[in-house]
Amino acid sequence: MQQLGFNVPHTQVRGEPMQSPEDVAAMLRLKACGWGTQRIADELGVSRNTVKRYLRQGGWAPYARPQRSKSLEGLEEWLKARFLQHAGNAAVVLQDLQLEHGLTVSLRTVERTCAPFRQALAAEANATVRFETPPGKQLQIDFGSRHITIGGESIKVFLFVATLGYSRRHYVRAFRHERQSAWFAGLEGTFRHFGGVPEQVLLDNARALVDHHNAATREVVFNDRLAAFARYWGFRPVACAPYRARTKGKDERGVGYVKRNVIAGRAFASWAAMEAHLSWWMREIADQRVHGTTGELPAVRFIAEPVQVSVTDGELRVHHAGREVARHPELGGRRQVRCLPEHLQGIVGYRPPKADTEAPSEIVATVPPTAVPPAALQRDLIEYEAVVGGGW
């Protein structure tokens with residue numbers, strides 16, 4: 001029998017060369033002669049599955065390239081942010097896509113769309129250096145959303161998550177929206193829950209908080225109301241780099257931890273029942289777990305975050321991390337501050353005492369009435385509105 005010739009394949013089908021029309025015609029002729037599929041495959045030098053496929057379709061047909069899905073058009077920036085946030089886990093991105101946008105596509109579609117972002121993810125991983133912040137230095141905040149069954153109805157709930165940088169303690173609060181008032185109420189709840197205000201708050205580039213952030217120059221313009229809010233409470237806002245989720249990694253992971261652990265597919269009879277569950281979870285679960293990075297319980301590690309103040313026998317003593325850092329005689333007047341000069345080192349404007357003069361052991365100053373810390377940590381948002389003007 002004459003050996004059949006082969007043409008050079010011009011494309012691929014499912015990872016193997018597509019056969020020419022002449023080759024497929026030969027398969028059909030040999031099959032008509034009673035040859036089996038394995039014998040035909042051996043004769044033509046192709047796989048048995050290739051022969052079976054062409055015989056099943058009854059002849060040669062041009063390769064039809066699958067159409068690209070257009071269902072994700074316009075979501076490129078959102079997909080990139082989520083892809084980097086979830087460290088390249090396309091399956092989790094698919095879940096967020098379904099929950100937040102109501103879109104149902106295949107995992108392969110998400111992987112194909114996110115393929116260009118993998119290079120950025122690899123570059124970020126190479127450039128990331130883990131950093132730890134000292135006690136009281138930093139608080140990281142973010143929002144995450146999830147559909148939760150409440151009273152038999154699926155409701156989109158926005159979860160405010162705050163994470164202390166040193167102890168990794170969490171504060172979680174649920175809202176029905178992610179507007180600016182929710183950010184501020186979440187922060188105030190955080191200060192009340194932890195009993196103090198950190199030096200800085202690291203936040204995302206949410207439109208409710210940041211008016212402009214140049215990714216190249218890192219120029220940041222914070223919203224006027226946020227600036228007034230920060231001045232009132234005495235913290236410094238810091239915006240993480242755009243699309244650099246790891247800059248705020250402790251809270252990014254915290255949001256995922258909250259979604260997986262505190263919610264975890266649970267249903268609640270009412271909104272109040274969900275809030276009660278969040279309070280229980282923070283106290284009994286989140287604070288009492290051994291953290292994977294620090295190796296300690298957040299509740300135990302938190303002891304080093306605040307300072308302890310006691311007044312006994314006419315003296316005020318300040319302890320930090322179990323060590324006495326200051327001791328002052330109790331002042332009899334009102335609105336007075338007494339501090340040690342060495343505690344001012346490193347602060348802008350501090351001038352050490354001259355060597356030829358005897359420096360006082362302590363500095364006493366009168367605090368203006370407007371600088372008196374508030375008695376309660378909860379304030380109406382109207383107070384911040386009065387500072388900058390305008391309406392909510």
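Here, each number is a calculation from the coordinates, and none is a lab measurement. It should be emphasised that the depicted structure is a prediction, and the values quoted were computed from it without experimental measurement. So basically every Cβ, Gly included, is an ideal-geometry build from the backbone, and we count neighbours across all protein chains shown.
So the values come out like this:
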| item | result |
| --- | --- |
| Among the listed pairs Lys80/Lys137; Lys70/Lys156; Lys80/Lys156, those beyond 24 Å (Cα-Cα) | Lys80/Lys137; Lys70/Lys156 |
| Ranked Asp313, Asp224, Asp204, criterion: other C-beta atoms within 10 Å, fewest first | Asp313, Asp224, Asp204 |
| 5 angstrom amide H check on Leu316, placed H, neighbours 5+ away | His328, Glu330 |
| Global geometry of the stretch 76-127, whether rounded, prolate or oblate, following the gyration tensor of its Cα atoms and the 1.5 cut on a/c | prolate |
